[in-house]
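Trainee: One structure is given below, represented as structure tokens, and several questions about it will come after.
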Amino acid sequence: MFASRLARPAMRTMRQTRNMGGGAQVEYEGFEKTVRGVLPKDEHIVAGILGMYVGLYFVGKGVSALTGGGEKPAPVAAPAPTLGGGSKIPSVEDANFGTWIESEANLGKLIASIEK
């Protein structure tokens, strides 16, 4: 182990180093050349694309607000179900008891059965 530590400085004499210098300038053609004339860096292109998406979102919201697309008709309330159709009163623990008791006629049936 001690000998390997002494040998390490000798091993480092011929080592290639890379300093992340980049490469040659890229030559663009066609549509990308036109875009790079306005947005030269990659960061500018990313910001431009995100700006385009945000702009499209707000244009869609504006068109929706102008055309009235946000208004929705009110849902029609369904009549309360009568379970069994007769004088049968569901249990308080039954899942349908809440909808059954909403009807005035069913409430009257419940009160009449309690008064007996």
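Trainee: If I filter region 35-48 down to residues being of a type in the set (Val, Ile, Thr) and surrounded by 11 or more Cβ atoms within 10 Å (Cβ to Cβ), which single residue comes out as nearest to the chain's Cα centre (by Cα)?
Mentor: Per the criteria, the residue is Val46.
Trainee: Shifting gears a bit: Does region 27-41 hold any residues that are in a loop (DSSP other than H, G, I, E, B) and closer than 18 Å to Gly51 by Cβ, and which are they?
Mentor: Result: Leu39, Pro40, Lys41.
None of the figures in this text is laboratory data; all of them are computed from the coordinates on show. These numbers come from a predicted model, not from an experiment. Every residue, glycine as well, gets a Cβ built from its backbone with ideal geometry; the counts of neighbours run over all protein chains shown.
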